[in-house]
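Undergrad: Below you will find the structure I want to go over with you.
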Amino acid sequence: MLLSTSSFEQQVRRRITLRRPGMVVLATLAALLAVFEIGTRTVVEHQSKVQRTVNAEYNEAIHMRRAHASSRKELLLVGNSLVGHEIDLPLLRRELMPTCEVHRFWIYNTAYEDWYFGLNRLFAEGSRPDVVGVVFAAMHWSAGAVRSDYSSQYLFRTRDLPEVAARMNLDRTALSSLFLARYSKFYALRTEIRKLVMQRFFPDLPRMYELFQPTAGNQMSDEQITPILTDRIKSYREITDRYGAKLLLIVPPIPRPGQEHQEAIREAARAAGVEVVMPLTFADVPARDFLDDVHLTPAGARLYTSAIATQLRDDITR
């Protein structure tokens, strides 16, 4: 009997001994992940100008409330880098005061699908602007991709992730990645961390955009793109209508012949019952005022902002 008990105790000790290295490895990995997560939230987000801007604008956007006792309207501009580069925010704020208070929330490399879910999340988290201005070119309305992990952190709700995966034809691994990015800043921002490190060694890296030249782009016809735009604009309007906000389309000029599709945008917007702010084509803007094949220079942004200010004021107060 004693021999049996002793043998059993030896087996237990042996199992514990065998498991101990695995437990140490798991504990070490957990500690490293915790360090990376804390480091991302406390260091990277303060070192990166992009991250500081995204976090500040996100928090500002979700805390927007309508001033029911005032005639002043609250305008939220959303979209991608066109919001940041094409619109001179201080100038627009001066032009629209005191009738309108302007806020913005934009994320690089996002398009229709990102903001379809992003608008739903903003409203679900309490954002209540009077007017939502979506700043897209036609190519962003017709795009069929998302910014995956980054958008999962800032634009997607957890409940929406299966739908995102279905719409994007993602496999289970990619869906798992979205879930992880939804809750882990380190995982969601790992690409941005690499960019931040690269810019430490190559400070002029962002100036690579200045080397870009206008390209011909695709040759999708207005007839092909109009039904796509119509359906997608209607889907945005359904979201804004649900929360009592007005939807505006703000369309900047881009130096891509064959990709502006301004008539198609106007036709689609009319069909969706949405107003369009589109005062300039790329032909109205001097070539020197384009930074690359999409964005305006600061001088170009001032030109464009002045052009949209009057129409925005009329559309917002109408």
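Where a number appears in this text, it was derived from the coordinates with a stated rule and is not lab data. Since the model is a prediction, treat every value here as computed from it, not as a measurement. Positions of Cβ are backbone-derived with ideal geometry, glycine not excepted, and every protein chain shown enters the neighbour counts.
Undergrad: Counting only pairs 8 or more places apart or on different chains, how many lysine pairs in segment 48-317 have C-alpha atoms closer than 25 Å?
TA: Numbers: K49/K185; K49/K195; K73/K234; K73/K246; K185/K195; K234/K246.
For segment 48-317, the number of qualifying lysine pairs is 6.
Undergrad: With a 10 Å Cβ neighbour count serving as the proxy for reagent exposure, in which order, fewest first, do Y58, Y243 appear? Let's see the in-between values first.
TA: Working: Y58 20, Y243 15.
Placing the least packed residue first, the sequence is Y243, Y58.
Undergrad: Here is a further query. Expected output is a single nm value to one decimal: the length gained when fully extending between R128 and D284, i.e. 0.36 nm times separation in residues minus the C-alpha distance. What is it? Write down the numbers at each step before the final one.
TA: Working: separation 156, 0.36 × 156 = 56.16 nm, distance 3.49 nm.
Full extension from R128 to D284 adds 52.7 nm.
Undergrad: Also, quick follow-up: Give, in nm to one decimal, the length gained when the segment between R94 and A145 is fully stretched (0.36 nm per residue of separation minus the Cα-Cα distance).
TA: Details: separation 51, 0.36 × 51 = 18.36 nm, distance 3.53 nm.
Gain on extension, R94 to A145, equals 14.8 nm.
Undergrad: Please report the net charge: other residues with Cβ closer than 13 Å to the Cβ of D222, K and R +1, D and E -1. Each step should come with its number before you reach the end.
TA: Details: positive: R266; negative: E223, E260, E263, E267.
Counting the neighbours of D222, the net charge comes to -3.
Undergrad: Let me ask you something else. Within segment 48-317, what percent of beta bridges assigned by DSSP are antiparallel, to the nearest 5? Let's see the in-between values first.
TA: Working: 1 of 21 bridges.
That works out to approximately 5 percent antiparallel.
Undergrad: Determine which residues of segment 104-136 fall in the zone a paramagnetic label at T158 would reach in this model, i.e. backbone nitrogen under 20 Å from the point 7 Å along Cα→Cβ.
TA: Zone members listed by number: 117-127.
Undergrad: Quick check: residue separation of T317 and E238 times 0.36 nm, minus the Cα distance between them. What number comes out in nm? Write out the running numbers ahead of the final one.
TA: On the way: separation 79, 0.36 × 79 = 28.44 nm, distance 2.06 nm.
Contour length minus Cα-Cα distance gives 26.4 nm.
Undergrad: Pairs of Cα atoms under 8 Å, at least six residues apart: use those to get the relative contact order of segment 48-317, whole percent.
TA: Normalised by residue count, the contact order of segment 48-317 is 24 percent.
Undergrad: Considering just Cα atoms, how many Å³ per residue does the convex hull of segment 48-317 enclose? Present the calculation step by step, with values, prior to reporting the outcome.
TA: Numbers: hull volume 35.2 nm³, N = 270.
So the per-residue Cα hull volume is 130 Å³.
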